């Protein structure tokens with residue numbers, strides 16, 4: 001078969017175009033997933049997840065600004081965006097994430113029982129939890145505060161509960177629930193616990209409790225969603241470093257997440273995640289916390 005010079009040139013151009021197009025498609029796919037062609041140490045959690053191209057992340061579904069299940073049917077917030085940053089670095093597309101509702105009281109169980117691959121859920125780092133799981137981070141430092149109705153004048157801080165005549169609500173298994181117990185006269189009658197903060201807000205609205213306590217950024221979310229209805233009662237009275245929960249013996253995965261967080265601090269994606277979510281409620285991000293590589 002004979003080919004003219006023009007035909008040969010045309011064919012070569014077509015082949016070049018085709019190869020360029022394929023390369024472009026691969027690059028686009030890599031950009032969307034954080035790099036699906038990434039390689040990780042054999043047998044590592046990172047390698048297993050990358051090969052599976054699927055991941056389960058524990059978060060909360062009831063916390064405005066951090067993890068709230070909205071009209072889309074998917075959770076939205078700062079914790080969700082931090083999780084996406086980590087998943088992208090694993091080379092997994094965001095649409096391959098299965099977000100699993102993980103309230104405070106079951107977070108450690110979800111990790112230990114392999115129900116999730118990691119947890120990002122306003123998860124305060126403390127020594128008791130480290131007995132069962134490990135933490136990467138912290139990636140944010142919050143502070144406990146108290147939410148009351150806008151017309152409440154007698155509660156101005158945690159000391160208001162020492163008289164014994166006021167009830168405060170928090171969530172089972174949470175650090176704020178344990179902290180507030182040190183300020184009340186009678187834990188059995190004054191501290192009301194539910195599995196979600198939404199139920200605490202309902203109890204406050206119905207007059208069953210006088211206040212709700214948890215971290216300031218979570219409470220600011222409820223205030224922003226209900227303009228003029230609630231307020232904070234005083235200043236923050238604790239420091240709550242939020243970490244990312246992983247299995248206790250998976251040091252390599254913890255190191256990978258810490259590396260990813262530091263990269264996100266440097267490239268601006270961590271700040272963007274905040275500005276697009278919890279930052280809209282008026283809370284300050286502050287400086288990036290130093291990760292604890294224990």
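Can you find even one residue in segment 144-162 that is surrounded by fewer than 21 Cβ atoms within 10 Å (Cβ to Cβ), within 24 Å of residue 130 (Cα to Cα), modelled with pLDDT of 95 or more and not assigned by TED's automatic domain parsing to the domain that holds residue 128? The answer is no, given that none of the residues of segment 144-162 is surrounded by fewer than 21 Cβ atoms within 10 Å (Cβ to Cβ), within 24 Å of residue 130 (Cα to Cα), modelled with pLDDT of 95 or more and not assigned by TED's automatic domain parsing to the domain that holds residue 128.
Provide a single number: the residues in segment 134-143 that are crowded, with 24+ Cβ neighbours inside 10 Å and either more than 17 Å from the chain's Cα centre (by Cα) or farther than 18 Å from residue 215 by Cα (or both). So the count comes out to 2.
Note on segment 256-280: residues that are surrounded by fewer than 14 Cβ atoms within 10 Å (Cβ to Cβ) and in a loop (DSSP other than H, G, I, E, B) amount to 2.
Can you name every residue in segment 222-252 that is within 20 Å of residue 57 (Cβ to Cβ) and buried (at least 23 other Cβ atoms within 10 Å of the Cβ)? If the condition is that a residue be within 20 Å of residue 57 (Cβ to Cβ) and buried (at least 23 other Cβ atoms within 10 Å of the Cβ), then 242, 243, 244, 245, 246 are the ones that fit. Taking each residue of segment 36-49 that is assigned by TED's automatic domain parsing to the domain that holds residue 92 and looking for partners that are at pLDDT below 95 with beta-carbon atoms closer than 7 Å, six or more apart or interchain, yields nothing. Given the structure, is residue 37 touching a helix residue (DSSP H, G or I) at 6+ places or on another chain (Cβ under 7 Å) and surrounded by fewer than 22 Cβ atoms within 10 Å (Cβ to Cβ)? Here the answer is yes, as residue 37 does meet what is asked. For segment 164-171, the criterion of being touching a strand residue (DSSP E or B) at 6+ places or on another chain (Cβ under 9 Å), within 20 Å of residue 242 (Cα to Cα) and either assigned to a strand (DSSP E or B) or modelled with pLDDT of 95 or more (or both) is met by at least one residue. Only helices (runs of 4 or more DSSP H) whose full extent lies in segment 173-236 are considered here, and the ones with at least 3 residues that are out of contact with any helix residue (DSSP H, G or I) (no Cβ under 7 Å at 6 or more places or on another chain) and in contact (Cβ under 8 Å) with a residue 12 or more places away in the chain are 175-180, 197-206, 216-225.
The values are calculated or read from the model by the stated rules, or taken from the named source; none is laboratory data. Every value quoted in this text rests on a predicted model; they were computed, and no experiment measured them. Cβ coordinates were reconstructed from backbone atoms using ideal geometry, including for glycine residues, and neighbour counts include every protein chain displayed.
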